[in-house]
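Each reported figure results from applying straightforward, stated rules to the coordinates on display, with no laboratory input. Because the structure is predicted, anything quoted here is derived from the model rather than measured. Heads up, the Cβs are rebuilt from the backbone with ideal geometry, glycines too, and the neighbour counts pull from every protein chain shown.
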Amino acid sequence: MLDRDGGLLRGTLDVLILKALSWGPRHGYAVAEWIKVITDGDVLVEEGPLYTALHRLEKNGWLTAEWGYSENNRKAKYYQLSRSGRQELREEMSSWERYARAIGKALAAASPLTA
């Protein structure tokens with residue numbers, strides 16, 4: 001979800017990162033690219049917020065990380081979901097799906113409620 005300036009609303013980046021890592025380890029750039037591609041370019045994640053979120057998620061225990069080498073043979077930190085990260089992803093997805101349904105119902109309303 002985007003705010004008026006095109007930025008992500010609070011909490012959105014975390015769940016997107018968790019989802020991006022649900023298929024296996026990725027380095028930060030690959031996470032940002034996955035988000036860009038899967039949203040058809042509608043969501044672009046800048047480096048600063050991305051790495052801040054990755055470090056926060058790692059500190060929360062939802063990600064683990066280890067150093068490796070990227071496809072370009074550059075040293076990169078690879079992140080992956082921990083067990084608690086998988087649980088957090090399930091909870092966040094459920095919450096976002098409920099929220100999206102509720103907003104969808106409100107936006108599809110054809111008439112006001114009468115009291």
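One table, with the values for the structure above:
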{"read-out": "Net charge contributed by nearby residues that have their C-beta within less than 14 Å of ASN60 (K/R +1, D/E -1)", "value": "-1"}
{"read-out": "LYS36-LEU107 FRET efficiency (beta carbon distance; Förster radius 25 Å; 0.05 resolution)", "value": "0.45"}
{"read-out": "Nearest-20 debye value, the chain charge dipole, Cβ charges on Lys, Arg, Asp, Glu", "value": "320"}
{"read-out": "Fraction of beta bridges assigned by DSSP in the chain that are antiparallel (%, nearest 5)", "value": "100"}
{"read-out": "Distance histogram for the stretch 49-115 (every C-alpha pair counted, 5 angstrom bins, percent rounded to whole numbers)", "value": "4, 14, 14, 15, 13, 10, 8, 7, 7, 4, 2, 1, 1, 0"}
{"read-out": "VAL37, VAL31 arranged by Cβ crowding within 10 Å, fewest neighbours leading", "value": "VAL37, VAL31"}
{"read-out": "For ARG26, distant residues with modelled amide H under 5 Å away", "value": "TYR79"}
{"read-out": "Estimated D of the stretch 12-94 in µm² per second, where Rh is the Kirkwood radius over Cα pairs and Stokes-Einstein applies at 20 °C, 1.002 mPa s", "value": "168"}
